1. Roughly speaking, to the nearest percent, how much of region 301-381's 1.4 Å accessible area is carbon and sulfur?
2. If all Cα-Cα distances of region 341-447 are sorted into 10 Å bins from 0 onward, what percent lands in each bin, rounded to whole numbers?
3. Compute the length gained on full extension between D768 and E566: take 0.36 nm times their separation in residues and subtract their Cα-Cα distance, giving the result in nm to one decimal.
4. What whole-number value in Å² describes the accessible area per residue of region 356-498 for a 1.4 Å probe?
5. At 1.4 Å probe size, what's the solvent-accessible area of S725? Round to the nearest 10 Å².
6. Suppose we look only past 13 Å in the calculated P(r) of region 168-212. What percent of the Cα-Cα pairs does that tail hold?
7. Just to verify a number: what accessible area does S921 come out at with the full protein assembly present, 1.4 Å probe, Å² rounded to tens?
8. Given the options P739, N698, A641, identify the residue whose Cα lies farthest towards the positive end of the charge dipole of region 614-767 (+1 on Cβ of Lys, Arg; -1 on Cβ of Asp, Glu).
Amino acid sequence: MPGRVSGRSARSSTAAVSRKSSTATLKSRGSASARTSAHIIEVPDEGPETSLRTRLCQIFGDAQKNNATQKRLLVNLRKIQEACCYAPPKDQKKKVVQEEFDEEHFKEEFTRCVLRVLAVKKGEPVGDRIVRFLGHFLKHATEKDNEIYQISEGEFPETPTSRLTSHILQIVLQFLTAKDKTVRFRSAQIVAHVVNNLTQIDDDLFTLIRLGLTKRLRDKEPSVRVQAILGLGKLADDDGEEDDENSDDDAAGGILNKLLDIMQNDPSAEVRRAVLVNLPFQSQTLRHLLERARDLDPVTRRVLYGNVLPALGDFRHMKLAEREKLLRWGLRDRDELVRKAAGKVFWERWIEDCARPHDPTPEEEKKPGHVAPADLEALLELLERIEVISTGQAGGIAHEAMREFWEGRPDYREYITFDDDYWNQLSPESAFILRSFNDYCRGAKEDRMQDLLEEKFPELTRIAFFMEKYANKLVNNIEALYLQEEDEIDPDFQEEVEGLEFSMEQLLHIAATLDYSDEIGRRQIFKIMREALQQPALPEECTKLVVDVLRITSLSESEFCSIVLEALNEVRDTIHGDTATETGENADESFHSAKSDVSSESSFVQAKSRAKKADEPEDPETEEERRIKEILIYQKCLHIAQCMLQNINCDLESNPQLVLTLNTLVVPAVRNHEAVIRERGVVCLGLCALLSKDLAQNNMQLFLHCYNQSENHETLRISCVQILSDILITHPFLLAPLPQDPDQTETQAVNPLLKPVTKVFLKAFRSDNAGISLTACTAASKLLLLNVLPPTSVVDILKDFTIAYFNPNTATNPALRQALSYFLPVFCHSRQQNALIMAKIAIIVVQKLLVMRDGPDDEEQEMVGWPIVAGHLAEWTDGRKVVGATELGLDGKMEIAANAEESHIALSIEVLERVLSNSCSKDERKPLLTLLGKLHVSATKSTKGETVDEDSLRTLHSLASEAVENKLGLDATSRNYLAKLEHMLTKRLGNVEHVTQIQDGENEQAEIAREDGDTGMQRGGEEEDTVLAGMQAEGTRFPLGSSEEDDEEEITVVGKKIAVTEDDIVDSLLESEI
């Protein structure tokens, strides 16, 4: 180590001047340095070769070969720097070589070697090695200088390495504005790497770097933008700088805000990913980081879940909504690797954050990668942190999360124990653990999972005991909650009731999957479910699950129906005990004997009101309370009936109990004036219609009327659309054409229901309400895919679907867009007939879209271009993509059916007919010709050899020829395609004529064979024509004369094949001459 600092370092005072000139050059876009660095930099005379240059070149040459020797090269380069920048010790002065070099010489030669890397392209590894070597050397040299100067933390004096760093950066920053993308990339890479390897930067240099790299954030090359982000990522923490007065507007502003904008809006996934990885973890950046879970690039999403989230630290600092969104977006991602990364975050990182306080391992014994032992309290806390009461509902993300957890943590599977203490102290979290473990083990394919479940779960009778305990507790708590006044409700008690309700739902879900081969356990569960269903305070979701379990444990449908109806009556009698205990004629007007009320449009509520006629008049408040109670009663009864109807599949007329329920409960509910009661009554009536053909046929007009008259009732309209589609799928004969009268010769009559049903679906689909529109789209899609509707309705509905798919106004309803994106290709590629239907409406769709495009401009929404529209229509009408249109032949080649191109041929004919018409404008002709250019018309027949539709080909050929003659092509592309289409059809028609001639010859041979089967040959016409059969192929004709008359004469050899030689031909010609 040198003993003292050399006085030669004082010569570096010109660095300040250099810094100022570099600043001016950087801010002046039209400077001379920026113009001269466009393509090739002319290297000036560098002087004679020196030993210093030779040694530095040797070190840089070795550094670019591999990374293994760079550490040794760093030491050697540091020795050279010390020899040039520091005075050697006195005892070594005699050994110094004759050539002496100072700090300026070292900086000049070092910078000369660094500049050589600017021309190295991005993919070359030697350039990356040199840049990495440069950063490591500057870091190593800075540390050594700090030891020599004994610099404490916070001080920043000038050292040889600091002056070298400033000199290199000031020169390299000038090349950030070069025209060559390689030079800009390497310059930004050098600056970024140097910045990331330094702990302190001079203020003036910091400003230069910030301005230079900020400009590169808008570079047209993604690789340059990535390097600029890598350099600015470290500077983003010091984002409190003031804007430079002389800086450009695009360079002014905070670095952090610019990086956030780049991460949100940059089109390159690589650039967004670079910002995601290098952005500092701050409270203001956390939301932007989590947004990348919805990035378009799957690699970026995987980086977020695999790298960024584990580095964020404890997940509990995030909000509950953020945790839920991260799990939902990650576990339901379409990319499998993203789903695995999201699941790993849950069962590896988040559970570790909860288990760390419960880990008994001392801190000094913990090693990197230490995993805390399994702990039940940690798992309960984890479920509490994701609010399992809400995320554990149907469709919640907690189900997928726990499935990944049990899959990834076998130690928790073995550790968990469901003993009596566990069952007696159930909480929402522990109950969900029971259900998730049960679902995972029953859904696993391994038998050992089933054995593990049987080992850990108690017997069926024990489970029945716990279910009865929690069912009774839930009912008692709900009744106690109802007795409290609204102002006196205890929030803690209400929260306890909600948790108990959720726990009961989990137990009922478990009961629906149990094995009921144990008859004693089955009877106990059946008894508990029957008693629970009779409780009026049982919540609706629990009621639905109880009915499901009751259906599983029942021996037959009739027993199930009788038990449910008995419970339904008990609900009514329990709530209105005063009405049920009345005697005389009032007792006859109970729920069981309400048949007579149907004809007089009386409802269940009205029947109960008549029982109070003899009572004294009550005050309005009491009357309002009674009315609300009656509505609640009716809702409860209808809900039980709905759950029962959803679990049976018998004939309605064959079950008197169901008929009684229909007449006394469902029909009065449909006629009720309360919207809630009427809605549930319509749903129950729709379920009854699924069980009876006559009931469905008689009530179709009722459902149509309910939709048309309930404009302000969104839920009822959605229910009507769903009911109509379900009825038509179950009973498709309802839309069948009416039977034709044998005495009349008219065409078959159209079903009168067809038009109003189609009108309802179209009206619902065009609704401004997003929910109604989506429901109508889903319902109509099912009918079209199942081929329930006739072609006329299919055309009308498909036309609206296609226009809505391209309509920019539907962008506000992404669920509708997604449904259409799935339905349209599936429908068109399911049958050839569907592709033909789409071909028929394609011209109308283009015309409608043309009118929409010419309408009032919308600043926020813009329709897609015509090439995209034409591409979609061409793909949907491509018969080759229809299921079954292609198959692998015996020769290993794909064979295409002959009718596979029928849809494109038909669409081509319609396009050309429209283009050739006088009413077609130039604006309409352009998209039509674009569509025509994307259609496939083969120049040869199908490989399967089916009959070719010659008339369609001839029509298309004549239209194409006319289009070519009239020069309808608007550009060279369309004109070339029209000419190509005409040429292909000319060739295709030649093959068709040949095939037709062969077929005509075969038919003629068959007729001749029937007339003269003995000879097998018949000659007609003049003797000048000779026909030879059987030489090359059957039906081949050889015209031997040269006149036109001879060509028209045809003689066919049929029947037995005759071998004809060349001598026979000569003899035949000689005889004809004679």
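1. On the way: 2130 of 4240 Å².
For region 301-381, the apolar C and S fraction of the accessible surface comes to 50 percent.
2. Result returned by the calculation: 13, 47, 31, 8, 0.
3. On the way: separation 202, 0.36 × 202 = 72.72 nm, distance 4.36 nm.
Stretched fully, the D768-E566 segment lengthens by 68.4 nm.
4. Values: 8010 Å² over 143 residues.
Per-residue value: 56 Å².
5. In the full protein context, S725 sits at about 0 Å².
6. Details: 510 of 990 pairs.
Cα-Cα pairs in region 168-212 separated by more than 13 Å: 52 percent.
7. Surface accessible to solvent at S921 totals approximately 50 Å².
8. Checked the options; the winner is P739.
The values are calculated or read from the model by the stated rules, or taken from the named source; none is laboratory data. The model shown is predicted, which means the values in this text are computed figures rather than measured ones. Here the Cβ is made from the backbone with ideal geometry for all residues, glycine too, and neighbour counts use every protein chain on show. Ligands, DNA and RNA are stripped out before the accessible areas are found, and what is left, the full protein with its side chains, is counted by its heavy atoms. Shrake-Rupley method; radii C 1.70, N 1.55, O 1.52, S 1.80 Å.
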